[in-house]
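Novice: Following this message is one structure expressed as structure tokens.
The values are calculated or read from the model by the stated rules, or taken from the named source; none is laboratory data. Computed from a prediction, not measured in an experiment: that's the story for all the values here. Every residue, glycine among them, receives a Cβ derived from its backbone with ideal geometry; neighbour counts consider all protein chains shown. Ligands, DNA and RNA are excluded from the accessible area calculation, which covers all protein heavy atoms including side chains. Shrake-Rupley method; radii C 1.70, N 1.55, O 1.52, S 1.80 Å.
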Amino acid sequence: MHSKNRISDPRIEELLTVVQSRTSLSAHSIKQGILEHLIYSLGRSPHEAPKQAYYKALAFAIRDRLQHRWINTVQNYLKGVRLKKDVKVVCYFSAEFMIGPQLENSLINLGIEPEVRKAVADLGKDLDELIALEAEPGLGNGGLGRLAACYLDSLATLERPAIGYGIRYEFGIFDQHIRDGWQVEMTDKWLRGGNPWEIAKPEVAYYVGFGGHSESYRDNRGDIRMRWIPDRMVKGVAFDTPVPGYRVNTCNTLRLWSAEACESFDFQAFNTGDYYQAVEEKVISETLTKVLYPNDEPEAGKKLRLSQQYFFVSCSLQDMLHLLDITGQAITEFPDRFAAQLNDTHPAIAVAELMRLLIDERLLSWDDAWQITCRTFSYTNHTLMPEALEAWSLALFQDLLPRHLEIIYEINRHFLDEVRQRYPGDDERIAKLSLFDETNLRHLRMAHLACVGSHSINGVAELHTELLQTSILKEFYELWPVRFNNKTNGVSPRRFMVLANPDLTELITETIGPQWITRTDQLQKLEAYAEDPNFRQRWLAVKHDNKVRLAGYIQKQIGISLDPSWLFDIQIKRIHEYKRQHLNLLYILTLYCRLKRNPTLKLPPQAFIFAGKAAPNYAMAKSIIKFIHAVAETINHDPEINCLLRVVFIPNFNVQKSQIIYPAADLSEQISLAGTEASGTGNMKFALNGALTIGTLDGANIEIRERVGAENFFDFGHQAFEVQRLKREGYSPSSYIENDQQLAEIFHLLDTGHFTHGDREILLPLLDNIRSIDPYMVLADYADYISCHERICSLWQDQDKWTSMSILNTARSGCFSSDRAIREYCDQIWKVGPVPIKLPPENADRPLVEHDQR
Ligand code: 26V
């Protein structure tokens, strides 16, 4: 009880006894906490409680230990604002947050894993088993949602005030099952067992309108104003999840909105006697936040998606205005207190909603409101794919958000007036810049709305930002070059190294000290050990153990055995034609044919591991999954082949699984067609864990190659500018097959149903698409991809060299930490500095770390 010595104030003494049983980080107190929660929160006897109950009790006990940090963090921010200290809060608007499991992350950040392991063992349980029981909140599709989660982690670790605003989907990304090699989707009932990490705040609720019409009226100054009369209202209720930083007291908030029916509205219908209509309204309202939509499915549930986007954006902006009000600040302060980041265009409707709140509800002038709006928002673009750019049909938009449409017309009028002044008579440019696409059955372009209403526009890797400026946002770049900037993505070293790869973490920490965890540039110190035989041996041993762990998992879950001494060649990401999992398959099939022709061929044994989900209505992507399984089945069952090649598809890829897979990779496949992958973030997770990359010069691959050195990176394929030229000049995929015997043989085998039990139909649409259109130029990059793999195979023979290269990949990838990215966002866009959180004496248990980690 070392804190007792410090404290003499009796009032604090009293508080201390109240809170200390729930704040102490000792093993004894944690054990006590678990037992208390088992009995009093969950109503179970410790003797009969199932493991699931132990998991939950443990989660509650750990949440208790975050609680005072969380409360103090919020109080500190508000206090700072009240005292007119320039506290500014980052509001990260994102339709997706793929936060992954929370328990182990909290233990790592608090630095109490050893104590908790002991507490749990004292209760006769195994910590790893309890950790494995946590249902993963899969509230995102892939890279974009995981990026948002990494950014929240870094914001808290860097002690920056931040709120993540999003949607509490009742069903996250679907669970992927595989039946007969095909993907089958099942609903993700992640809330089934309750969610111990969230706290419902029923008193933090806002009303959001839909539909109806707008009308004009005279305000008490006699000025004409507009108001919106919606015909439906939905209530948004806040659910908060703590976001603890690493070894700091800062604990920020992820605030997700859940839709509920409004009581008062039901009542109205009830009065008119239409009880069933009222119940129906209730059901419709509560449908709003039911399910996450795949972002790569262009036609899915249009109307509901726009409703979801507007719903969470409106709740979040109302919440921000409320925070401003309770701290007694003027509306003009808004952009100095909040920096709101639009994570892609999903929240772009925020531009119109903030305008509406300021003009219609706070009665500001247009010009004042517009200034506040543009100073508040900044926009990150995450894709160049034309079919991915969000555009809403005006009919739908008008029906759902009539008042917003009026406001957007007005924004467009002001904007195009400015453009006309700059470029008189340039109607073509006007049409390109307009918020409305007049050619495409009149659509509202959300990327344009985001650009016009933001003071900063960024891409997520250097090439991507450059391509934004020269292609899809070219005219905006010409108009406002200073608004454009690049922020190359980053990933959390806590989640993807410390948590995912504890053995590597230990080896690195033992070698260069622990500071690298928050200062990843220090990983550079490992360079000095790249040629050290002893260190290399230990590095290799860690990789080997990680491969044993993955092989064990695969054996248990899928029943395929893998030899950890083989080369583990891994491609894990959403299944998409542009990511070209089928190019990877063509390499595997090439090896297959070569081995069949020459069974004594010298080849390093290779395990090919795939994982990833396909959007439920994306037929080609689903065929690619079937294709992988067809090849896997043939190869894995062929005794002539399976001694050198094996192919595995790990179903239901998620954050939890990714943590087992990244650390076990020797080779990372990053093979998208150049100019299509905005950044990629898996590429960074692999490199940080010491995998070598085979990759195209696309997205952040280019920067990874630059950093780790071209000699430690395997690049291949056409570059983005060559892809553009090829397309211009007329790309003919069939000629590649005609001129390459190996390709011809592969396609012949596929056509005869060699891998599909003689079925010549099931893969035909995919094969025909490659032969006739090949939209992502798989065939144009095939030859170079094969020869690149051949170089890799020969390098693999030299394990010392390989291991040195692996060490250098980790040592030089430090800049791909999300801490680096967040520092750039904070310094260059948000202008948000650190606000260290001090705990009051009654809450001080012990400092989380001795040294300064900032
Ligand atoms: C892609 C597509 C492909 C065509 C069909 C419709 C469609 C719709 C959406 C998308 C992707 C949307 C945005 C997105 O998720 N981008 C990803 O963001 C990551 C984080 O910045 C980045 O690493 C990935 O490269 C990028 O694809």
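Novice: Lys838: which lysines have alpha carbons under 28 Å from its alpha carbon, excluding same-chain residues fewer than 8 sequence positions away?
Specialist: Lys4, Lys31, Lys79, Lys84, Lys85, Lys88, Lys201
Novice: Is the shape of the chain rounded, prolate or oblate, going by the alpha carbon gyration tensor and its root eigenvalues a ≥ b ≥ c, with a/c under 1.5 for rounded and a/b larger than b/c for prolate? Write out the running numbers ahead of the final one.
Specialist: Numbers: a/c = 1.65, a/b = 1.16, b/c = 1.42.
Oblate, because a/c is 1.5 or more while a/b does not exceed b/c.
Novice: Roughly how many Å² of Asp175 are accessible to a 1.4 Å probe, to the nearest 10?
Specialist: The value for Asp175 is about 50 Å².
Novice: With a point put 7 Å past each Cα toward its Cβ, work out how far Gln75 is from Lys474 in nm, to one decimal.
Specialist: Output for this residue pair reads 5.7 nm.
Novice: At most 14 other Cβ atoms within 10 Å plus a DSSP loop assignment makes a site exposed; report the longest stretch of the chain without any exposed GluC sites (Glu not before Pro). List each step's numbers first, then the result.
Specialist: On the way: sites that count: Glu48, Glu299, Glu438, Glu531, Glu640, Glu761, Glu850.
Value returned for the longest uninterrupted segment is 49-298.
Novice: What do you get for trypsin sites (Lys or Arg not before Pro) in segment 184-222 restricted to DSSP loop and a cutoff of at most 10 other Cβ within 10 Å of the site's Cβ?
Specialist: Numbers: sites: Lys189, Arg192, Arg218, Arg221; in loops: Lys189, Arg192, Arg221.
Answer in residue order: Arg192, Arg221.
Novice: Counting only pairs 8 or more places apart or on different chains, how many lysine pairs in segment 606-687 have C-alpha atoms closer than 15 Å?
Specialist: Working: Lys613/Lys622; Lys613/Lys626; Lys613/Lys657; Lys657/Lys685.
Qualifying lysine pairs in segment 606-687: 4.
Novice: Same structure again: So what's the back-of-envelope 222 nm ellipticity for the chain, counting only DSSP H runs of four-plus at -39500 (n - 2.57) apiece and dividing by all residues, rounded to 500?
Specialist: Values: 34 runs with 395 residues, N = 854.
Per the formula, -14000 deg cm²/dmol.
Novice: With charges only on Cβ, +1 for K and R and -1 for D and E, what is the dipole size of the chain about its Cα centre, in debye, rounded to 20?
Specialist: 1640
Novice: What's the extension gain from Lys189 to Glu286 if we count 0.36 nm per residue and subtract their Cα-Cα distance?
Specialist: On the way: separation 97, 0.36 × 97 = 34.92 nm, distance 1.59 nm.
The span from Lys189 to Glu286 would gain 33.3 nm if fully extended.
Novice: Let me ask something else about it. What do you reckon, how do Tyr776, Tyr736 stack up by accessible area (1.4 Å probe), largest on top? Provide the component values of the computation, followed by the final result.
Specialist: Working: Tyr776 35, Tyr736 70 Å².
Solvent-accessible surface, decreasing: Tyr736, Tyr776.
Novice: Using the basic label-point model (7 angstrom from Cα toward the beta carbon), what is the Glu418 to Val279 distance in nanometres?
Specialist: 5.2
Novice: I'd like the accessible area for Asp122: 1.4 Å probe, protein heavy atoms, all chains in place, Å² to the nearest 10.
Specialist: Approximately 80 Å² for this residue.
Novice: Provide the FRET efficiency to the nearest 0.05 for the Ser45-Asp128 pair, computing r from the beta carbons and using R0 = 30 Å. Spell out each step's value before the answer.
Specialist: Numbers: r = 24 Å, r/R0 = 0.80.
Calculated transfer efficiency: 0.80.
Novice: On to the next question. List the relative contact order of segment 247-391 as a percent without decimals, with contacts defined as Cα pairs under 8 Å and 6+ residues apart. Intermediate values should be presented prior to the final figure.
Specialist: Numbers: 107 pairs, mean separation 28.9, N = 145.
Relative contact order of segment 247-391: 20 percent.
Novice: Still on this model: With a cut-off of 8 Å between alpha carbons and a minimum separation of six or more residues, what is the relative contact order of the chain in percent?
Specialist: Numbers: 1525 pairs, mean separation 125.4, N = 854.
Relative contact order, the chain: 15 percent.
Novice: While we're looking at this one, here's another question. Expressed in nm to one decimal, what extension gain is obtained for the pair Ala619 and Asp368 from 0.36 nm per residue of sequence separation less their Cα-Cα distance?
Specialist: On the way: separation 251, 0.36 × 251 = 90.36 nm, distance 4.86 nm.
Length gained, Ala619 through Asp368: 85.5 nm.
Novice: Ordering Asp800, Asp367, Asp64 from largest to smallest accessible area (1.4 angstrom probe), what's the sequence? It would help to have the intermediate numbers written out before the result.
Specialist: Working: Asp800 80, Asp367 105, Asp64 20 Å².
Descending order: Asp367, Asp800, Asp64.
Novice: Something else now. For the chain, what proportion of DSSP beta bridges, expressed in % and rounded to the nearest 5, is antiparallel? All intermediate terms of the calculation are to be shown ahead of the outcome.
Specialist: On the way: 37 of 82 bridges.
Beta bridges within the chain, antiparallel portion: roughly 45 percent.
Novice: Which order do His414, His757 take by accessible area at a 1.4 Å probe, largest first?
Specialist: On the way: His414 70, His757 155 Å².
Descending order: His757, His414.
Novice: Where Lys and Arg each count +1 and Asp and Glu each count -1, what net charge lies around Pro651 among other residues with Cβ under 15 Å from its Cβ? Walk me through the intermediate numbers first.
Specialist: Numbers: positive: Arg179, Lys556, Lys573, Arg574, Lys613, Lys622, Lys626, Lys657; negative: Glu136, Asp175, Asp180, Glu185, Asp188, Glu633.
With Lys, Arg at +1 and Asp, Glu at -1, the neighbours total +2.
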